[in-house]
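Asker: Below are the structure tokens for one structure; questions will follow.
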Amino acid sequence: MYDGELVPVGKDQLPHLELSREIARRFNSIYAKAGNQVLREPQPLLTETPKVPGLDGRKMSKSYGNAIDILETQESLQKKLMSAYTDPLKIKKDDPGHPEPSEKNPPGCSIYALHKLYSDYWQNRKVECETGQIGCVACKKDLLKSMEGPFQAFREKRAALAGEKGRVEEILAEGARKAKAEAEKTMDKVRRAMHLK
């Protein structure tokens, strides 16, 4: 509808995007003139971390109750991180850990996966874990420090926007106006291709 070229999605949303791509291909095969396309086939835009594990090692999902919400307070974030899944083979602090999944190892440490997103020292953390230089509790506390800044910045931005009466509604209205204009362009192309205009 919005003629997007790249769509930011997670790995689990790729099938939904493929459905959109299939619809575009089918429409173009019926209505597009040779060599032209009416609808663009959107391509996925995956981040370096296209799948974020939840606090229990499974896919992060609110329905699983294992998600970290962007609105977490420092206290709720600490509570969630301290109860998060880590390597069950790392019993004592100086036992070698297995931060990433493999055929021989557990599904991987959720805390390490989050370090990859929030800590600029995540590569060193992997070595420290694998060689037994750091325990899971200390690792979790370090992650909390790494997450503190981005989460605090988001909370402050949200509070600032909430403090400006009507500002959120203005932003939403502007976004809707832009989206409507793009959708109208797409529908105009569709109607012309189908000879409805």
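Read the figures in this text as sums done on the coordinates, not as results from a lab. Small disclaimer: the values here were computed from a predicted structure and weren't measured. All Cβ positions, even for glycine, are placed from backbone atoms using ideal geometry, and neighbour counts span all protein chains on display.
Asker: Okay, helix-only estimate at 222 nm for the chain: each DSSP H run of n ≥ 4 adds -39500 (n - 2.57), divide by all residues, round to 500 deg cm²/dmol; what do you get?
Answerer: -17000 deg cm²/dmol
Asker: How high is the FRET efficiency from E174 to M1, r the C-beta distance, R0 25 Å, rounded to 0.05?
Answerer: 0.90
Asker: As an exercise, use a Förster radius of 41 Å and the Cβ-Cβ distance of N124 and K33 to find the FRET efficiency, rounded to the nearest 0.05.
Answerer: For R0 = 41 Å, the calculated efficiency reads 0.15.
Asker: Now for a different question. How much net charge surrounds R125 when only the other residues with a Cβ under 11 Å from the Cβ of R125 are counted, with Lys and Arg +1 and Asp and Glu -1?
Answerer: -2
Asker: In region 102-197, which GluC sites (Glu not before Pro) fall in coil by DSSP and have 13 or fewer other Cβ atoms within 10 Å?
Answerer: E103, E164
Asker: Got the relative contact order for the chain handy, in percent, Cα pairs under 8 Å and 6 or more residues apart?
Answerer: Rounded, it is 21 percent for the chain.
Asker: Next question, about the same structure. Got a sec? How would C136, C129, C109 order by Cβ neighbour count within 10 Å, fewest to most?
Answerer: Going from sparsest to densest Cβ surroundings: C136, C129, C109.
Asker: Next up: Want the number for V137 to E75: 0.36 nm per residue separation, take away the alpha-carbon distance, what's left?
Answerer: 20.7 nm
Asker: What list do you get for I70, I134 if you sort them by fewest beta carbons within 10 Å?
Answerer: Neighbour counts put them in this order, fewest first: I70, I134.
Asker: Can you put Y64, Y31, Y112 in order, fewest other beta carbons within 10 Å first?
Answerer: Y64, Y31, Y112
Asker: Which far-off residues, 5 or more places away or on another chain, put their amide H under 5 Å from the one on L45, with H placed in the peptide plane?
Answerer: V7, V9
Asker: Note the angle between two axes, namely the Cα long axis of helix 167-193 and the longest principal axis of the Cα atoms of the chain, as a number of degrees from 0 to 90, rounded to the nearest 10.
Answerer: For helix 167-193, the angle is close to 50 degrees.
Asker: Considering only DSSP states other than H, G, I, E and B, which GluC sites (Glu not before Pro) in region 23-83 qualify as loop sites with at most 13 other Cβ atoms within 10 Å?
Answerer: Passing both the DSSP loop test and the Cβ count: E48.
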